[in-house]
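Worksheet: the structure to be examined is printed underneath.
The values are calculated or read from the model by the stated rules, or taken from the named source; none is laboratory data. Here the structure is a predicted model, which is why all the values come from computation and not from measurement. Cβ sites come from the backbone with ideal geometry, for glycine too, and all protein chains shown count toward neighbours. For accessibility, only protein heavy atoms count, side chains too; no ligands or nucleic acids. Shrake-Rupley method; radii C 1.70, N 1.55, O 1.52, S 1.80 Å.
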There are 2 protein chains.
Amino acid sequence: MLRLSKKSEYALMAVQYIASCDGRVVSAKEIAEKYAISFEFVSKALQALMRRKFIASQQGAGGGYIMLRDPKTLSVAEILEAVEGKQRLVECCGEGGAGACSMHGRCTIRTPLAIIQRRLDAVLQSMTVAQMAFPDDNLEQYVVISQLTGSLEASFSN
Amino acid sequence: MLRLSKKSEYALMAVQYIASCDGRVVSAKEIAEKYAISFEFVSKALQALMRRKFIASQQGAGGGYIMLRDPKTLSVAEILEAVEGKQRLVECCGEGGAGACSMHGRCTIRTPLAIIQRRLDAVLQSMTVAQMAFPDDNLEQYVVISQLTGSLEASFSN
DNA sequence: TGGATTCAGGACTGAAAAAGTCGTATATTT
DNA sequence: AAATATACGACTTTTTCAGTCCTGAATCCA
Ligand code: SF4
Ligand code: SF4
């Protein structure tokens, strides 16, 4: 219940690869072969990324995909939302707010879960496609984050 | 794909309620009625919590459940793991490590995902049952956390 | 012009997981 | 003994996931 779907995994692989090919047009076929995954299925993920204008598509022979958004400002959270839709921990912190769930009157875990939701969102927004594609450029940022989460753990896990 | 299962939601409700009843024995029936959820189903969650010794069970008339672990040291992460088993974002950061997935040779998103996994774990460990059951006692901790995640967002979302 | 290549997207299918139910056994109180 | 409660495995139903298939449209090249 906190597992990435295959479609999401494939989307992350694909966008990471396209970003790393910086400027070159890369086809769905090439991606499917590189990672040995289903061509039709990864195509679905690519189409979703195209609809959000994260990548541009070029039809016809020699066509494929190319990065449109700057990888440095494109977060994992945005990729996941593009392929899965806005995913919330529980029904009530989605579209309709508290009214979305029929038992919102009785429920007493809504507020703490909303807090956790915000923290989870922050984590998914904390990694960019650029950091996935060019890890060597970003080592110092990894360190900073692990220090932050370290102090976060130390304060509240006991 | 980042949604809590109903079983997990029920487990959180149940343990929050038992903790808030501090010392009193509370039956599965009472919990099911309070939240208007399936008695049999919430019982499964309670049994999982009992197996991990988070709560103790008392059979027979007048029986039920009572808190065993200190709510202040019991995190949401532990509750979720008790009812769902250890859940990882992707196969490869579970039991068998990198070897668990057949495509670990080709895969290039393993390392970034492992980093995200650690951060997600930290978030789930950052909230305790006590904080869910007695939110008024813990306001200052919420503030501290939101400052931490705030700086986390500010550093990396753009 | 026409065939090869590549993306776009809807319909469909099989497998797996989630959600919930049922039945029986066991422990405890009255 | 009767009533109340938990323990737990088996089972069913519903929903989601993962993948396939097919038709259509854009583009390139000979
Ligand atoms: S209101 Fe409570 S039961 Fe309904 S979705 Fe939100 S957390 Fe879950
Ligand atoms: S190795 Fe890659 S493909 Fe396999 S589970 Fe890990 S992230 Fe997913």
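The relative contact order of segment A:8-131, computed from alpha carbon pairs under 8 Å that lie at least 6 residues apart in sequence, is 28 percent.
Note that the protein assembly as shown presents 47 Å² accessible area per residue, ligands and nucleic acids not counted, probe 1.4 Å.
What shape does the protein assembly as shown take by its C-alpha gyration tensor, where a ≥ b ≥ c are the square roots of the eigenvalues and a/c under 1.5 counts as rounded, a/b above b/c as prolate, and the rest as oblate? In terms of gyration-tensor shape, prolate.
Treating each Cα of segment B:6-86 as an identical point scatterer and summing with the Debye formula, the log10 of I(q)/I(0) at q = 0.16, 0.22, 0.23, 0.26 Å⁻¹ comes to -0.50, -0.99, -1.09, -1.42.
Interface size, chains B and A: roughly 5900 Å² of accessible area buried, both sides included, 1.4 Å probe, rounded to the nearest 100. Each other copy places its own label point for B:G23 at 7.3 nm from this one, sorted shortest first, where the point lies 7 Å along the Cα-to-beta carbon line.
Classify chain A: rounded, prolate or oblate, from the alpha-carbon gyration tensor (a ≥ b ≥ c, eigenvalue square roots; a/c under 1.5 rounded; otherwise prolate if a/b is larger than b/c)? Oblate, since a/c reaches 1.5 and b/c is not below a/b. Carbon-plus-sulfur accessible fraction, chain A (probe radius 1.4 Å, protein heavy atoms only): 50%.
Rounded to the nearest 0.05, what FRET efficiency is calculated for A:K6 and A:A100 with R0 set to 30 Å and r the Cβ-Cβ distance?
On the way: r = 27 Å, r/R0 = 0.91.
E(calc), rounded to 0.05, equals 0.65.
How many angstrom separate the Cα center of segment B:84-140 from the Cα center of segment B:7-75? Result: 25 Å between the Cα centres. What is the set of long-range amide H partners of A:C21 at a cut-off below 5 Å, with H atoms built 1.01 Å from backbone N? Correct list: empty.
Counting from the shortest, the label point at A:D136, 7 Å from Cα toward Cβ, is 5.8 nm from the same position in each remaining copy.
Using a cut-off of 15 Å between beta-carbons, work out the net charge of the residues near A:L49 (Lys and Arg +1, Asp and Glu -1, A:L49 not included). Please report the intermediate quantities before stating the final value.
Details: positive: A:K7, A:K44, A:R51, A:R52, A:K53, A:R69; negative: A:E9, A:D70, A:E78, A:E81, A:E84.
Taking every Cβ under 15 Å from that of A:L49, the sum is +1.
Once the Cα-Cα distance is subtracted from the 0.36 nm per residue extended length, the A:Q58 to A:R118 segment shows a gain of 17.9 nm.
Cβ under 15 Å from B:C92's Cβ, B:C92 left aside: what net charge do those residues give with Lys, Arg +1 and Asp, Glu -1? Provide the component values of the computation, followed by the final result.
Working: positive: A:R3, A:K6, B:K86, B:R88, B:R106, B:R110, B:R118; negative: A:E9, B:E91, B:E95.
Local charge sum for B:C92: +4.
Amide H contacts for A:S27 (H built 1.01 Å from N in the peptide plane; partners 5 or more residues away or on another chain; cut-off under 5 Å): A:Y65. Net charge in the neighbourhood of B:R69 (other residues with Cβ under 10 Å of its Cβ; Lys, Arg +1, Asp, Glu -1) is +1. For segment A:16-41, list residues with backbone N below 20 Å from a point placed 7 Å from the Cα of A:D137 toward its Cβ? Residues A:16-26 fall inside that zone. Checking every one of the GluC sites (Glu not before Pro) in segment A:49-113 against DSSP loop status and a limit of 10 other Cβ atoms within 10 Å picks out A:E95. Sorted from shortest to longest, the distances between the A:K86 label points of this copy and the other copies are 3.5 nm, with each point 7 Å from Cα along the line through the beta carbon.
Of the Cα atoms belonging to segment A:70-139, the radius of gyration and Dmax stand at 15.5, 50 Å.
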